[in-house]
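Before any comments, here is the structure.
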Amino acid sequence: MIGGILRNADANLEEAAQLLGTTRRRMLFKITIPMIMPAVLSTFLLVFSSAMSSFAVPSFLGLPVRYQVLTMQLYRTMDGVAPGQGFAMALIMILISVGILAFNQRVIGTRKNYTTVTGKSSQIALVNLKRGRTPISCILVFLIIMVSLFPLVTFALESLIKVPGDYSLSNLTLSFWIGRDNGAVITSGEPGLLLNPALWKALWNSIKLSVTCALSAGTLGFLVGYGIVRGKGTRISKIVDSLAFFPYLMPAMAFSAIYLSMFSVRRFLIPSLYGTFFILALIGTVKYMPFASRSGINSMMQLSNQIEEAGEIIGIGWFKRMTRLVIPIQKSSFVSGYLLPFISCMRELSLFVLLCTPQNRVLTTLLYYYNEKGWSQYSNGLNLLIVIIVIFVNWLVNKTTGASIDKGIGG
Amino acid sequence: MPRIELRNITKKFGDFVAVDNLTLDIKDGDFITLLGPSGCGKTTTLRQIAGLEMPTSGEILIDGKVVFSSDKSIDVAPKDRGVGFLFQNYALWPHMTVYRNIAFGLENLKWKKDDIDRRVKELLKLLKIEEFPDRYPAELSGGQQQRVAIARTLATNPRVLLMDEPLSNLDAKLRMEMRAELKRLHHETGATFVYVTHDQLEAMTLATKICLLDRGYLQQYDPPLTVYNRPRNTFVADFVGNPTMNLISFSGERKDDHSCILHHKDMRLQFTSQDVLPEDLGKVTIGVRPENVLVTENGGIKVKVDTSLPSGMETILNLRLGDDVMLSCVMIGSVDYPSDSEIEVVFKDVQVLMFDGEGNFAAPGSVKFI
Ligand SMILES: Nc1ncnc2c1ncn2[C@@H]1O[C@H](COP(=O)(O)OP(=O)(O)O)[C@@H](O)[C@H]1O
Ligand SMILES: [Mg+2]
């Protein structure tokens, strides 16, 4: 995100300072940093709030060392002991998120408006790193390997060893992947991952759920984005704009707590939906719609109204305008609008963990279950599988349509 | 007050040549406009003078001092060239007040606080923005932002002021006002101004000299009236002036050094000039400014009125000459000829220009329809 901010910053602003004989140091502290500060702060707040509401990371890393966070407490209370207390906690989390959002709005919406001043940003100045280039590239490549490739290797390795912690060759086994019965090594005779019906069922559920969410969130999001941009400036467009973004800011688990309370018992004509595929699909759709509507908004903003009007004047109907003009022109961001919900859904835990029952487990909740049981080989192997599926789908879509996740978010 | 010299400046972006072997001598205290269609290399030229862009080859001198030379590997930093730069989109720092924007450059020069205060107040007054020192740029209108940008650029007393389409984001009325003010500023500061624009009217009204570029090539570098009356080629003739110059192609037949007969279909006319005409005529182009097409009672050539566009002060007539030539004509005052009515016109003496087969200026002269 910060990369995007720096890219959009108008190079003229720095050139103007350069011409007035500003030193490098002064340029950094008086021009560059203050200029990007709001955006950086806003990124910081978003990261902060998503960390606040994350569940998966602390529960995998924090559980062994008893590092309790709010989401874990929430899960425990909701899952049994004291649901009332849980709802109160959910409410607190929502309030914190709203507070962060409000603060963010205040930071951005000051007198020093950062967007209206620049007309169009023209030149992009590339910094010539000269001799620093090779070492800097090396360090960056190293960092990328450390944070992206290294965990995968670890997952793979950890899923192959019999006794955790012992990395000798004799301790390696494939039985967690293809063994029929691992009772000898751990627990209740759980078959190896690839032969495990629970895994195949969860995989099927995950894919079914992700595809459903992607289709509904993607389509709805695109239409919402279209509506917001085309109705730009009207009150209703502004309201829809902020409403559509709201689910994004809701901590996932608090969000699902609300769904749990809303749909767990029969009300009026709506039967109890707890444990059904429908409720998972519903919450996924709502939660991920902001991604799709953002990418819909981004792509529609780039598309001049006149392109569509030109079609309208010669009598092309709305549906045909969409399928023949708008969507083909913005194909790649249109596809990202589906891809983002799909991939987020594939790797989502906190949103589903409260609502899943053993019957409709998805991959991530199965992973959580393995982890809770302490079967680290299984959870590592499953983790690896999820990552591979996500990467594969992104690659496939990228290959076939040219869309990719980063384009969707970058905007 | 410095002179700016560009010597054989070439700028390539990859294989694309944005500025092609440009040599330009800008005299002390001049107000130069770099004029040309969009993408012809005006901004690139200006940025090279400022030092924001590095020429691929050539030499730039400011005040007799080499500030860039590809051969001698000299590249003086922008801040040491003594130039001010006015950006098209103003480039005001959004997080600083008007006062701080203007004071910033002076602080860099380590001026004393009192001196800075005095200088900023002076500029606020000069540019008529005394009321807004504490506002942020986003709280100003386009015209006011423009004034702040000018004040910021002038604060350090640059000897050269480079401006990149500074008025293009303003509305028509404000643009007129600011033009007059820039002219006043040029007079008051005595600095050398280099001004980029794609608007030929702006270039005509402001400049002491116009530098007309096309696709990176220098087309003409002369005072506005010379460019207007003696365009070096048909591109210049066509680019400068509104409505555009009438350009009609003929085949020529030389009679003697000073006269020739021109044909176009069944139209025949005699061209006479004070100057010696080119040896072989072949295809030539005749150019007549619309204001030199005069409506007359008798003795002219018959034309048909296509449209007449009165605007109060003047009337533009589009006329059909024969079956394939359109002529435009500007008359002072409002007259309204009905479409398809027939009138007679003559071309004003000595104001008719002849261009040779390559489109280069050949000779001025007079024509008579025969
Ligand atoms: N940084 C750049 N990289 C590549 N091409 C450029 C760059 N800057 C300008 N150009 C090209 O050089 C030509 C001249 O550009 P410019 O000087 O900006 O034109 P203008 O006369 O409209 O100001 C244009 O065709 C433009 O596309
Ligand atoms: Mg330009």
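The values are calculated or read from the model by the stated rules, or taken from the named source; none is laboratory data. A quick note: this is a predicted structure, and the numbers were derived from the prediction, not measured. Please note: Cβ atoms are built from the backbone with ideal geometry, for glycine as well, and neighbour counts cover all protein chains shown.
Values as computed for the structure displayed
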quantity	calculated
Given (1) in contact (Cβ under 8 Å) with a residue 40 or more places away in the chain; (2) crowded, with 16+ Cβ neighbours inside 10 Å; (3) of a type in the set (Ser, Thr, Tyr), number of the condition B:THR244 does not satisfy	(2)
Any hit, region B:88-98, residues being away from ligand 1 (no atom under 16 Å from the Cβ), among the aliphatic types (A, V, I, L, M), at pLDDT below 90 and touching a helix residue (DSSP H, G or I) at 6+ places or on another chain (Cβ under 6 Å)	yes
Region B:152-180, residues that are surrounded by fewer than 23 Cβ atoms within 10 Å (Cβ to Cβ) and either within 19 Å of B:HIS95 (Cβ to Cβ) or among the basic types (Lys, Arg) (or both)	B:ARG159, B:LYS173, B:ARG175, B:ARG179
Residue identified as over 27 Å from the mean Cα position of the chain (by Cα) and under 20 Å from A:ASP10 (Cβ atoms) among B:GLY105, B:GLY142	B:GLY105
Residue, nearest to the chain's Cα centre (by Cα), within region B:39-56, restricted to residues that are near ligand 1 (Cβ under 6 Å from one of its atoms) and within 11 Å of chain A (Cβ to nearest Cβ)	B:THR43
Meets criteria (touching a helix residue (DSSP H, G or I) at 6+ places or on another chain (Cβ under 6 Å), without any contact (Cβ under 8 Å) to a residue 12 or more places away in the chain and not acidic (Asp, Glu)) for A:ILE327	yes
Residues of region B:25-41 classified as within 12 Å of ligand 2 (Cβ to nearest atom) and either basic (Lys, Arg) or closer than 16 Å to B:PRO224 by Cβ (or both), total	3
Which listed residue, of A:LYS208, A:LYS238, A:LYS232, is at pLDDT 85 or above, more than 23 Å from A:SER50 (Cα to Cα) and surrounded by fewer than 16 Cβ atoms within 10 Å (Cβ to Cβ)	A:LYS208
Test: B:LEU86 is surrounded by 21 or more Cβ atoms within 10 Å (Cβ to Cβ), within 30 Å of A:ALA39 (Cβ to Cβ), without any contact (Cβ under 8 Å) to a residue 40 or more places away in the chain and not basic (Lys, Arg)	no
Checking B:THR315 against (1) under 30 Å from B:LEU277 (Cα atoms); (2) touching a Leu at 6+ places or on another chain (Cβ under 7 Å); (3) not acidic (Asp, Glu), the condition it does not meet	(1)
Candidates B:ASP75, B:ASP20, B:ASP80 - the one that is away from chain A (no Cβ under 14 Å) and not β-branched (Val, Ile, Thr)	B:ASP20
Residues of region B:89-124 classified as within 20 Å of B:PHE193 (Cβ to Cβ) and touching a residue at least 40 places away in the same chain (Cβ under 8 Å), total	5
Residue count, region B:101-115 (criterion: surrounded by fewer than 20 Cβ atoms within 10 Å (Cβ to Cβ) and more than 9 Å from every other protein chain (Cβ to nearest Cβ))	6
Residues of region B:11-38 that turn out to be near ligand 1 (Cβ under 9 Å from one of its atoms), farther than 12 Å from B:ARG215 by Cβ and surrounded by 22 or more Cβ atoms within 10 Å (Cβ to Cβ), as a count	2
Residues that are at pLDDT 90 or above and part of a loop (DSSP other than H, G, I, E, B), drawn from region B:234-256	B:VAL240, B:GLY241, B:PRO243, B:THR244, B:MET245
Strands (runs of 3 or more DSSP E) completely within region B:1-82 that count 1 or more residues being more than 22 Å from B:VAL236 (Cα to Cα) and touching a residue at least 40 places away in the same chain (Cβ under 8 Å)	B:4-13, B:57-62
Test: B:ILE150 is in contact with a helix residue (DSSP H, G or I) (Cβ under 7 Å, 6 or more places away or on another chain) and either away from ligand 1 (no atom under 16 Å from the Cβ) or at pLDDT below 90 (or both)	no
In region B:181-200, residue surrounded by the most Cβ atoms within 10 Å (Cβ to Cβ) [restricted to those that are farther than 22 Å from A:ASN12 by Cα and within 16 Å of ligand 2 (Cβ to nearest atom)]	B:GLN200
Selection within region B:7-38 - among the polar types (S, T, N, Q) and farther than 18 Å from B:ALA207 by Cβ	B:ASN8, B:THR10, B:ASN21, B:THR23, B:SER38
Region B:83-100, subset assigned to a loop (DSSP other than H, G, I, E, B) and among the hydroxyl-bearing types (Ser, Thr, Tyr), residue farthest from the other protein chains (Cβ to nearest Cβ)	B:THR97
Test: residue in region B:117-139 that is closer than 24 Å to A:THR32 by Cα, modelled with pLDDT under 90, of a type outside the set (A, V, I, L, M) and in contact with a Phe, Trp or Tyr (Cβ under 7 Å, 6 or more places away or on another chain)	no
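Conditions (1) away from ligand 1 (no atom under 16 Å from the Cβ); (2) over 19 Å from B:ASP25 (Cβ atoms), marked per residue:
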site	(1), (2)
B:PRO166	no, yes
B:LEU170	yes, yes
B:ARG179	yes, yes
B:HIS187	yes, yes
B:VAL194	no, no
B:THR197	no, yes
B:GLU202	no, yes
B:ILE210	no, no
B:LEU213	no, no
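Residues are listed down the side, and each one gets a yes or a no for (1) more than 13 Å from B:LEU262 (Cβ to Cβ); (2) among the hydroxyl-bearing types (Ser, Thr, Tyr):
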{"site": "B:VAL288", "(1), (2)": "no, no"}
{"site": "B:GLU297", "(1), (2)": "yes, no"}
{"site": "B:MET331", "(1), (2)": "yes, no"}
{"site": "B:SER339", "(1), (2)": "yes, yes"}
{"site": "B:VAL350", "(1), (2)": "yes, no"}
{"site": "B:GLY359", "(1), (2)": "yes, no"}
